[in-house]
Amino acid sequence: MGFLSSVKNKLGIGGVKVVLEIPGQVEKSKNTLNGKVVMTTKSDQFIIDLTVKLIEKYTTGRGDEKSTKEFDMGVIKIPCNFDIKTGETKEVPFTLDFQILKSGNDELKEKGGVMGGLGKLGSFANNEKSEYSVIATADVKSAALDPNDIKDIKLV
């Protein structure tokens, strides 16, 4: 392998491409997400493992008071240990179990009645907003920068 090929592999150029295939929305009550990761490559590579995780970006406040926190709702690490050849496509199906995180206002909303109204008011006052994303990352043996794919998803 030449020097240029080695540098390209380290940077992930012409290496493995990761594509995440998931539904656009998932029911919160089911607490599972089914999908698959499709990998292709332009050069022979070795895949060590695959990590898929569901994250929540929880934002509160407005203007200068705005803050965002990120929470892992579910993570799965799939051992692969296989070679992928030039032009070959590999599909790895997965089932990701996740757990819904609730703010104090969300818990109040669920109680209904006066307490539910207070929860809705608190949520509105704090400008609470949650966005969800799924990230799939392939650990490629020769790459310093592992390829990944990120897709937004709605939890209903």
Exercise. Could you count how many residues in the range 39-68 are under 15 Å from the mean Cα position of the chain (by Cα) and not polar (S, T, N, Q)?
Worked result: 8
Seminar exercise, completed: Just one listed residue, out of Leu54, Leu50, is in contact (Cβ under 8 Å) with a residue 24 or more places away in the chain, within 18 Å of Pro147 (Cβ to Cβ) and in a strand (DSSP E or B), and it is Leu50
For this session: Confirm whether Ala136 is small (Gly, Ala, Ser), modelled with pLDDT of 90 or more and touching a strand residue (DSSP E or B) at 6+ places or on another chain (Cβ under 9 Å).
Result: yes
Problem set entry | Conditions (1) out of contact with any Cys (no Cβ under 7 Å at 6 or more places or on another chain); (2) at pLDDT 90 or above; (3) of a type in the set (D, E, K, R): number failed by Lys42 | (2)
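The values are calculated or read from the model by the stated rules, or taken from the named source; none is laboratory data. In this text the structure is predicted, and so the values were computed from the model without any measurement. Note that we place each Cβ from the backbone using ideal geometry, even for glycine, and neighbour counts take in every protein chain shown.
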